[in-house]
Each structure stands twice: as structure tokens, then as C-alpha cells.
Amino acid sequence: MPSYDTAVFWSQIASIPILAIFFVHVETNFASMLRRCHERTQNQASLRELKEVCHAIQTYVLASVIRSFTGVAGVALVVMLFSMVFMDQLGLRPPYMSILRVSLCAMAFYTSAIFCVNILLYLDMRRPALVILITYALLNGAFTLFVLPFGSDFYGYGNMFSSAITFLIALSLL
């Protein structure tokens, strides 16, 4: 389905600026904070100092994920607002503009869930990361099969619901 694929493609492309910011800025700062924590551990810092450092890392990570979600949601909103203007240039047809809007919402949740997975993997927390990814795969399959019989008006909703639930689970596991 070229129209569906085109809408989903453009929604995924819209996430690239926030992905770049996350991996260049957030992950770099996170790595520095983690390195300082390891240095303090090796220098036998007190338990109180280590708790303070861990709390600072936790606060930074959660704030960064929320800021990144806000950024990617903002990009999605801007693309939604300007999508009708550039519809022809993007190769989209009017009946499939709803798919673009739904897939932009899904992209915001999915990208934010992947940010959480990335941080968990950075901390070598593979099981929670795997739980998030398996949850997304199962929910996406189940919700997509559920909404498929309702026709093309509901294309993308299965992905959006599974992405939103996965992001909430990822945030709670983080």
C-alpha cells in the first residue's frame, strides 16, 4: 500500500532531529554522569555520596526522556499542521492524511520508548529492555489484527495504541 507506506515513512523521518539530539546530547551527558559515578565508587565514596549521584542520574534520565518526548511530540504536531500544505510534495493523497496523523502520534510514543530501551541497555539492564521490546511486538500484532477488519479508516491505530502502552511501560521500568 504505497499511500500507507508513504505516510508511515514521513512520520518516521520526522523523528530524526530528536533522535540526533538524544544520541548526541543526552546520551553523551548520561555517559559522563555514569563515568563520574563509577569513579566515585572506585574512590570508595560514602553511601550518601553514591545515593546523591544515583539520584542525580535518575533525575537527569527521566527529565531527558520527558523532554525528548515533548520534542518529538512537538515535531509531530508541526508536521501535522504543515502536512496539508506539502501533501503533493510528500506524495500523500487526501484520504490517507489520517494515517499520517495517527502514525505521527505512534512515532512520538515509539521513539520515546526506544529512548528508554537505549538507556536500559546502556546500564546493561537487558531483561527490562527485552520486556519492553517484546511487549511492543505482541501488542502491535494484537492491536493491528484487532483494528484491521474495521478498514482503512483505522489503519495505524493498532501501532499507535501499542506504542503508547509500550512507552508507559518503558517509562515505568526505567
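The values are calculated or read from the model by the stated rules, or taken from the named source; none is laboratory data. The model shown is predicted, which means the values in this text are computed figures rather than measured ones. Ideal geometry is used to build each Cβ from the backbone, glycine not excepted, and the neighbour counts take in all protein chains shown. Areas reflect the complete protein model, heavy atoms only, side chains present, ligands, DNA and RNA absent. Shrake-Rupley method; radii C 1.70, N 1.55, O 1.52, S 1.80 Å.
With protein chains left intact and a 1.4 Å probe, residues in segment 1-112 average 58 Å² of accessible area per residue.
For the chain, the mean residue ellipticity at 222 nm estimated from helices alone is -27000 deg cm²/dmol, where every DSSP H run of n ≥ 4 contributes -39500 (n - 2.57) and the total is divided by all residues, rounded to the nearest 500.
Taking square-rooted eigenvalues a ≥ b ≥ c of the alpha carbon gyration tensor, is segment 16-87 rounded, prolate or oblate, where a/c under 1.5 means rounded and, failing that, a/b exceeding b/c means prolate?
On the way: a/c = 9.63, a/b = 3.31, b/c = 2.91.
Prolate, because a/c is 1.5 or more and a/b exceeds b/c.
Across segment 103-110, computed HN-Hα scalar couplings (Karplus, 6.51 cos²θ - 1.76 cosθ + 1.60, θ = phi - 60°) run 6, 5, 5, 4, 4, 4, 5, 5 Hz from first to last residue, x flagging Gly and Pro. If you take the alpha carbon atoms of segment 20-62 and fit the smallest convex hull around them, that volume is 42 Å³ per residue. Surface composition of segment 99-174: carbon plus sulfur atoms hold 71% of the accessible area, using a 1.4 angstrom probe and ignoring ligands, DNA and RNA.
Once you reduce segment 1-61 and segment 101-125 to the center of their Cα atoms, the two points are 11 Å from each other. What's the angle, to the nearest 10 degrees (0 to 90), between helix 47-83's Cα axis and the longest principal axis of the chain? Once rounded, the angle reads 20 degrees. When each of the peptides 40-49, 20-29, 95-104 is scored by how many other beta carbons lie within 10 Å of its residues on average, the order from highest to lowest is 95-104, 20-29, 40-49. From a point 7 Å beyond the Cα of Met80 in the direction of its Cβ, which residues of segment 136-174 have a backbone N at a distance under 19 Å? Hits in segment 136-174 for Met80 at 19 Å: 153-168. For the chain, averaging the sequence separation of C-alpha pairs within contact (under 8 Å, six or more residues apart) and dividing by the residue count gives a relative contact order of 27 percent. Annotation: per residue accessible area for segment 133-174 equals 57 Å², rounded to a whole number [probe 1.4 Å, protein chains only]. Matching the structure-derived log10 I(q)/I(0) by the Debye sum over Cα atoms at q = 0.13, 0.18 Å⁻¹ against the labelled list (1) -0.70, -1.11; (2) -0.61, -1.17; (3) -0.79, -1.21 gives the label (1).
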